[in-house]
1. Given the C-alpha atoms of the stretch 45-91, compute the convex hull and give its volume per residue in Å³.
2. Shape of the stretch 2-82 from its Cα gyration tensor (a ≥ b ≥ c, root eigenvalues): rounded if a/c is under 1.5, otherwise prolate when a/b > b/c, or oblate?
3. How large is ³J(HN,Hα), in whole Hz, for each residue of the stretch 336-345 in order, when computed from phi with the Karplus curve 6.51 cos²θ - 1.76 cosθ + 1.60 and θ = phi - 60°, using x for Gly and Pro?
4. When the accessible area of the stretch 2-82 is computed with all protein chains present and a 1.4 Å probe, what percentage of it is carbon and sulfur?
5. When you take every Cα atom in the chain, what is the radius of gyration, and what is Dmax, the widest Cα pair distance, in Å?
6. Out of residues 5 or more away from Gly256 or on other chains, whose amide H comes under 5 Å of its own, with H placed 1.01 Å from N in the peptide plane?
7. Using θ = phi - 60° and the Karplus relation 6.51 cos²θ - 1.76 cosθ + 1.60, list the HN-Hα couplings for the stretch 262-269 in order, rounded to whole Hz, with x at every Gly or Pro.
8. Under a plain spin-label model, where a point goes 7 Å from the Cα along Cα-to-Cβ, how far apart in nm are His308 and Asn114?
Amino acid sequence: MLAILHPDTQLDSPEYKHTLEFLKNLPGVTLRVHEIQGAQKKLTEIYLLGDTKSLSKEEIAALPAVERVIRISDDYRILGRHHDEQRQTGFTYNGVHFDQDNLHVFAGLCAVDNAEHVDIMMRALAEHGQVCTRMGAYKPRTNPYSFQGHGKACLPYVFENAGKHGIKVVAMEITHESHIEEIDTCLEKLGRPTGVMLQVGTRNTQNFELLKAIGRQREYPVLLKRGFGITLNESLNAAEYLASEGNANVIFCLRGMKTEAGLPHRNMVDFAHVPTVKRLTRMPVCVDPSHSVGNRDLAPDGISDVMHATAQGVIAGANMVLVDFHPKPEKALVDGPQALLMDELPYFLEDISLCHDTWRKREQIYQRAKG
Ligand code: PEP
Ligand code: MN
């Protein structure tokens, strides 16, 4: 059961103390308090865990600090929807708002190779009004002898350059909890010129200790990739690990499933699950067409498979696109064959914006149909 308190309830107010005292004395029930800082107001939620079946919803709703009460199922307790349309979706980070209605593009380098390519990428994004990017510093590679990313050595020039071009959020995969500290120390030293969204890669979706460590910090939001060989339910539970440790600022990313049935694509594109994840949870949903499709091949209509897949995700209501670009894909140290070319950026952005507008119009059709 979940008790949502009146917005901006002070934790030292008599209303709160009285409410908490009552809830604490319920037999067989443990409490977990979550505070959510929204753009305007602070929201406090109290999760009642354990033997809650016999509790009276009305009695708890009548407590002085409580606004309303929701019965929640065991699955995705914090991130789930639980048939409640009023709970907020999304969060604001470093001035950028993410929710289940809007859309942000994170175009950038799969792996940072040098400062010049970082600069070309960031400059192009700024020229096209973009405030987000992806930059891989810590790369999980199949082959131990492949380039593993520049790690913390590249962080200073990546963050400085992002700041120089007005980039507010850099999505960056981490593969070990020590990377959080490396990122944080570097940002702090530079005076926080930009922000970071910590990315959990598909190989680490069920690395529970990493998830718990990332979930314990509240500074950085998280982009969690769906596991490429597990069920959707298992991946959504992985997201809930982050929230259960305290960080519910999570975006869920579809990136294709590993099966030979997907050939000639690198993975089987799974973007039909965009609306499914939005129905089951309150997380904004991202699509990664680059790691799904895995090549830059064009269809006879002149549109690449990567762009077609992106369009399919966005027209179904995706809220974020994570996509590889590179100034010289033939020289890229990781995933060159799937990187889009810099001169494709404006067309790609135009296509995405068309698809997002179309999704909004589709929504209106069905709202009319409902009457
Ligand atoms: C990536 O986005 O760079 C990446 C490695 O993706 P995934 O974890 O989906 O393979
Ligand atoms: Mn990659």
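The values are calculated or read from the model by the stated rules, or taken from the named source; none is laboratory data. Since this is a predicted model, take the numbers as computed values, not measurements. As a convention, Cβ positions derive from the backbone with ideal geometry for all residues, glycine included, and neighbour counts pool all protein chains shown. Only protein heavy atoms, including side chains, enter the accessible area calculation; ligands, DNA and RNA are left aside. Shrake-Rupley method; radii C 1.70, N 1.55, O 1.52, S 1.80 Å.
1. Working: hull volume 4.4 nm³, N = 47.
Value for the stretch 45-91: 94 Å³ per residue.
2. Values: a/c = 1.82, a/b = 1.14, b/c = 1.60.
Because a/c hits 1.5 or more and a/b fails to exceed b/c, the stretch 2-82 counts as oblate.
3. x, x, 9, 6, 7, 8, 4, 6, 7, 3
4. Working: 2190 of 4430 Å².
Carbon-and-sulfur percentage of accessible area, whole number: 49.
5. My reading of the Cα-based Rg and Dmax gives 21.5, 68 Å.
6. Result for Gly256 returns Asp270.
7. For the stretch 262-269, the Karplus-derived couplings read x, 4, x, 6, 5, 9, 7, 5 Hz, x marking Gly and Pro.
8. About 3.6 nm, to one decimal.
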